[in-house]
Amino acid sequence: MKKPKVAFFDFACCEGCQLQVANMGETVLDVLGLIEVVEWREVMSEKWGKKVDVAVVEGSITDPHAVKRIKKIRKRAGAVIAYGSCATIGGVNGMKNNFPLEDIKHYVYGDSHRFFPTEQTKAVHQVVPVDYFVHGCPVYIPEFVAVLKAALQGIPYYPPDYPVCVECKLNENVCMYDRGVSCLGPVTRAGCNSWCINNGNICYGCRGMVSNPNEKGAQDVIAKYKIPMELVLNKMNMYNKCRELD
Amino acid sequence: MEDTHYVVLKKENFDQFISLLAQKQKLVAPVPKGFKSFAFEPVDSASQVALKYIPTVLPLKKYFMPQRETLLEYTAGKGVKAEAVVEYESLTIFGAHTCDLAGIQCLNMVFSERPKDYNYLTRKNKITIIGLECNEYCDEYASCNLVDASFPGGGYDLFLTDLGDYFIVHVNTRAGDEIVASTRSFDKTELSQLDELRKLRDAKRKIFVNEVPIETKHIPELFDRSFRARVWKDLEARCLACGNCTNVCPTCYCFDVRDELDLTLKNGIRYRVWDSCQLEPFAKVAGGFNFRKERSVRQRHRYYRKFRYPVERFARYFCTGCGRCTRTCMADINLKETLNELLKESEDRVWKRWL
């Protein structure tokens, strides 16, 4: 059997998710036994430019050039995997949408802003259809591998549609709210194995919200713990601002 | 009490007893985690063990039905080959409270039903359980008396009751006998010590009373009247559907079974993981229809699975009164409060019929 051709692409992002994949350790050998990587700017010089079976896309879409490029990639890819928060939910780039575009342009590019057309930040699926999502900032490698396997088998992958609390509880962590710290775990989609909380940090909501969050209930909980709503909204917008465009 | 088998473990021998247990096989016991939280974790000395603790974050079920457990290894493709897998290890649990012992008794019944769950039953047979009596309530969330779980009712090999300078120990099984014989940390019981135990139990009967004003045997009737109660609607607005209440419940045993191929895409495993009726995808079926879309319906289901359905099937409540679901709920959904409100609502209706 010929190995499926896989290409990695990046848009507005820190390329940290690619680094995660490149750094996956021994598993990378097994993965490479399964696929042929034909294009991946971060780790190889070769370009392919033709059809690929799977396109793995990092980063969010933030300017007209990126829109054109992602549409081309979509056309030559059998399946598109959006990976990393920037690609799957807009991620931190979404904070740009808190401000008018004009202000942003002037602030970043000063007088030369007319050379740099820009748009509201969008997640990849807000521009072209996406087949698979690997949420997270950065991606959680076991999930990335699971999604890659699903894509190669042509079967769907369903990211968990329940809050991080589930995994956090299974890891028997002391609840951040019991420690007097606010945490976005209760409304954030699981699948990361509560990575941050296991290591003493809070959840920042990098995997996006669950599909049917009880927003009113969450507000009551926040009020009960006497956390200012503004603080929570700011935290929420850090990764989830692009949710408004869905 | 006289015709059963009691021995005494002096406090000065406790360190030695725990060390010997830990040398024999893996030993787990409640360990403080800070912020009033405890967890069963491996220990090798008595100094790590919390003798006074409120129910741990996760109950003992994590040892009896692991969160992720391989059931089958297979080779896919032509001529599929599959082999059943049972994962287990020898384990001693020290310090199980009566609520958690009741939880294991419930799980034992569930997994012994035909077709028997050999993965569970094999593992269970490798686990030695040493119970520890609660001389008083752990906190205000417990409702163990309501479900007859505040006094020891079996389900252990040894059971310790702290009586100051010593523990009085009930030896319940041959495995318990073997521990007593092999650790040599125990002394014979004196009659006065058995008297002390009796006194403690009498005192406990005054402290432990039904935490909700209903007779235990009347709970199923209450639930028969409450399927359409307003209380469930109230829970709809509050529940975040985080699944904490079921994950920490000693008797929630629902699981999901999944297949996973390795990176050759030829060899795979079938494994099961904990699942929860509170989660969005639990009752979602092909086509996207969700049988329990509303959180109120899911919460109601949880309560009926504790207080009504198992009464019919297993002739016991599947609530052990440990209070974990209440302690863990960020939205303050409180088991005792819910039962109280059900009672109030149901009484209102009964009165209305009379008036």
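The values are calculated or read from the model by the stated rules, or taken from the named source; none is laboratory data. Please read all numbers here as calculations on a predicted model, not as lab measurements. Glycine also receives a Cβ, built like all others from the backbone with ideal geometry; neighbour counts cover every protein chain displayed.
Some notes on this structure:
- Pairs with Cβ under 7 Å, 6+ apart, first in region B:235-253 and facing chain A (nearest Cβ under 7 Å) and assigned to a loop (DSSP other than H, G, I, E, B), second among the acidic types (Asp, Glu) and surrounded by fewer than 24 Cβ atoms within 10 Å (Cβ to Cβ): B:ALA241/B:GLU280
- Per-region count, region A:168-198, residues facing chain B (nearest Cβ under 7 Å), touching a strand residue (DSSP E or B) at 6+ places or on another chain (Cβ under 6 Å) and in contact (Cβ under 8 Å) with a residue 40 or more places away in the chain: 0
- Residue match in region A:199-211 (condition: buried (at least 18 other Cβ atoms within 10 Å of the Cβ), of a type in the set (A, V, I, L, M), facing chain B (nearest Cβ under 7 Å) and assigned to a loop (DSSP other than H, G, I, E, B)): yes
- Listed by position, the helices (runs of 4 or more DSSP H) contained in region B:280-330 that have at least 1 residues being under 19 Å from B:ALA142 (Cα atoms) and touching a Leu at 6+ places or on another chain (Cβ under 9 Å) are B:295-307, B:324-328.
- Checked across region A:140-147, the condition of being within 26 Å of B:VAL285 (Cα to Cα) and within 9 Å of chain B (Cβ to nearest Cβ) holds for at least one residue.
- Considering region B:269-282, and only residues there that are touching a strand residue (DSSP E or B) at 6+ places or on another chain (Cβ under 8 Å) and at pLDDT 95 or above, the residue that is farthest from the other protein chains (Cβ to nearest Cβ) turns out to be B:ARG270.
- The helices (runs of 4 or more DSSP H) found wholly in region B:57-139 and carrying at least 3 residues that are touching a Gly at 6+ places or on another chain (Cβ under 7 Å) and buried (at least 19 other Cβ atoms within 10 Å of the Cβ) occupy B:98-112.
- Among the residues making up region B:144-166, a single one is in contact with a Cys (Cβ under 8 Å, 6 or more places away or on another chain) and surrounded by fewer than 24 Cβ atoms within 10 Å (Cβ to Cβ): B:VAL147.
- Selection status of B:THR264, surrounded by fewer than 19 Cβ atoms within 10 Å (Cβ to Cβ) and more than 26 Å from A:VAL210 (Cα to Cα): yes
- If you filter region B:23-37 down to residues that are in a strand (DSSP E or B), without any contact (Cβ under 8 Å) to a residue 24 or more places away in the chain and at the interface with another protein chain (Cβ under 10 Å from one of its Cβ atoms), you find that the one that is nearest to B:ILE127 (Cα to Cα) is B:SER37.
- Count of region A:8-58 residues which are under 27 Å from B:ASN267 (Cβ atoms) and either away from chain B (no Cβ under 14 Å) or touching a residue at least 12 places away in the same chain (Cβ under 8 Å) (or both): 17
- For the condition more than 24 Å from the chain's Cα centre (by Cα), under 19 Å from B:VAL147 (Cβ atoms) and not polar (S, T, N, Q), B:GLU294 does not qualify.
- For region A:151-167, a tally of residues being facing another protein chain (nearest Cβ under 9 Å) and buried (at least 19 other Cβ atoms within 10 Å of the Cβ) returns 7.
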